[in-house]
Amino acid sequence: MSDKSKAISVLTLNTLAFTVCFACWMVNGVLVTFLVDNNVYAWDKVQMGWLIGIPVLTGSLFRLPVGILTDKYGGRIVYTAVMLLSALPMYLLSQASSFWTFFTASLGFGIAGTSFAVGIAYTSVWFKKERQGTALGIFGAGNAGAALTSMGAPIILRWLTDNGNNLDAWRAMPKLYACGLVVMALIFWFLTHTKITDNSHINSFMQRLEPLKHLRVWRFGIYYFLVFGGFVALAQWLIPYYVNVYTMSVASAGLMAAIFSLPSGLVRALGGYLSDKWGARRVMYIVLGCCLICCVFLVVPRMDIESPGKGIMSTRAGMVVSVTDYEVVVDSVRYELKSINGQTLTDEQREKGTLVWPTSRWWQEPVVKAGDTVQKKQLLARGVTHIYFQANIWVFTGLVFVVGFMMGIGKAAVYKHIPDYFPRDVGVVGGIVGVLGGLGGFFCPILFGYLLEGTGLWTTCWMFFAILTGVCLWWMHAVIQRMLRKEMPEIATQFETVRKNGK
């Protein structure tokens, strides 16, 4: 078999194995929501956040050592070991009977998340620099495993439990996932080929960690915290989000969440291609800009509030002669009121109508009665302003789709930087960047749980992402401006002059 054929074979199996591992890694988003929604366990939002995030913690923290092992021993043996090791605790999840046993098993099968660090390093050694962006993008399409779990796991659970009539049968699902990992490991071992990075320049463990001294590595990690960690967190968090905010079933919520996660995984290949063609920095500008705009729009929650509005005050002292819904008469002066009739929304208008923008209506209610004596500038009728924002589910899902799409592009763009700057240390650098990205997937659901408990607002997750995206965009632009001033000071000076002159 030629090297080209081997490279294609390895890329195909890498992507397939990553899809399986990612589907297993994300299972708690559906499973925990299902168990709580069906009153199997009475876990609160914070506990749900921990259980959703804990597999991500394991997969994150072990990415660096797994990346180092891949650089040293090759991806074939390490990838196979990762799948077999994660299959055991996945099977033991079926025996969990409390929060802590569920927590422990989830901590164990989180090892499946380290598959990304293995796959990045293993894929890179088979492709030349000019094709690495595209190859890594194709491999990263395995993120679609999250969508497969979002769509498929609720259907499997419904089938296993006989539509909820036998809830304890949920325990069969972790066994099915464990079986999938073992089968994939065997296929991977027999159909892939061994190839190891040239490590002749490395003589010690500390030399392997040498690239971590570069601030650039940590900057890439922050970007990945957003585009990958945010993706992992939302792929799971959107399921309880849809269930609670839009009163959907777990199965329907899984399908809606897949609209976010499926494209984000599949377009990663496109992100790699665009990064090869346009450059990763330009792609990241587009990604961060679009994410920031969408998150700002998503910050606004569903609302149904009344606020003080424009009232009516008497223009002179006198006695109130009569009061109706339409006017207040003081002596001979008539004060016309805006009636409440037709101002409030019906239940049908609230739920079935497509209200894209916030709807505002107002009216005036008398605060005096006939026979009262009033003074000049005394309030006769108070104004009431009613603001209703439907946060239409399709508009919401459309914005979420754009965020997911851009995160998919961004994941490939971030990793395009690594073989360019660190061609001989892809495993180490990819490992630490993966660690930071994975930590985003771990901490974000927990943070979302605390924000929700503290504010009562589901949209606080979008507030967090808007702030984080703004920080990333500012940092990237500041670095590029500094590089421009250092490498081409005459061009930077011209830009500054043009900016000051307003031309």
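The values are calculated or read from the model by the stated rules, or taken from the named source; none is laboratory data. Please read all numbers here as calculations on a predicted model, not as lab measurements. Heads up, the Cβs are rebuilt from the backbone with ideal geometry, glycines too, and the neighbour counts pull from every protein chain shown.
Note on region 267-301: residues that are among the basic types (K, R) and either in contact with a helix residue (DSSP H, G or I) (Cβ under 7 Å, 6 or more places away or on another chain) or not in a helix (DSSP H, G or I) (or both) amount to 2. Every condition in (1) within 13 Å of the chain's Cα centre (by Cα); (2) farther than 21 Å from A141 by Cβ is met by V245 except one, and the failing one is (1).
Is there a residue in region 150-162 that is part of a helix (DSSP H, G or I), in the same structural domain as A413 (by TED's automatic domain parsing), surrounded by fewer than 16 Cβ atoms within 10 Å (Cβ to Cβ) and of a type in the set (D, E)? No, every residue in region 150-162 fails to be part of a helix (DSSP H, G or I), in the same structural domain as A413 (by TED's automatic domain parsing), surrounded by fewer than 16 Cβ atoms within 10 Å (Cβ to Cβ) and of a type in the set (D, E). Could you please let me know if V27 is at pLDDT 90 or above and within 22 Å of S249 (Cα to Cα)? In short, yes.
Restricting D276, D304 to those that are of a type in the set (D, E), over 19 Å from the mean Cα position of the chain (by Cα) and buried (at least 17 other Cβ atoms within 10 Å of the Cβ) reduces the list to D276.
The residues of region 177-194 that are surrounded by 14 or more Cβ atoms within 10 Å (Cβ to Cβ) and either under 18 Å from A23 (Cα atoms) or not assigned by TED's automatic domain parsing to the domain that holds S264 (or both), listed by number, are Y177, A178, G180, L181, V182, M184, A185, I187, F188. Filtering region 428-445 to residues that are touching a Phe, Trp or Tyr at 6+ places or on another chain (Cβ under 6 Å) and among the aliphatic types (A, V, I, L, M) leaves V429, V433, L436.
Can you tell which of F109, F99, F62 is within 19 Å of L436 (Cβ to Cβ) and among the aromatic types (F, W, Y)? Residue meeting the stated conditions: F62. Screening Y122 on (1) under 23 Å from Y41 (Cβ atoms); (2) over 23 Å from the mean Cα position of the chain (by Cα) shows it passes everything except condition (1).
Scanning region 244-258 for residues that are crowded, with 19+ Cβ neighbours inside 10 Å and either among the hydroxyl-bearing types (S, T, Y) or touching a Phe, Trp or Tyr at 6+ places or on another chain (Cβ under 6 Å) (or both) returns V250, A253, M256. The combined condition, being surrounded by fewer than 24 Cβ atoms within 10 Å (Cβ to Cβ) and more than 29 Å from D420 (Cα to Cα), is not fulfilled by F127.
Among the residues of region 78-89, the one identified as in contact (Cβ under 8 Å) with a residue 60 or more places away in the chain, within 28 Å of L167 (Cα to Cα) and either not aliphatic (A, V, I, L, M) or not assigned by TED's automatic domain parsing to the domain that holds A172 (or both) is S86. Restricted to region 35-49, and to residues there that are at pLDDT 85 or above and crowded, with 20+ Cβ neighbours inside 10 Å, the residue that is nearest to A96 (Cα to Cα) is L35.
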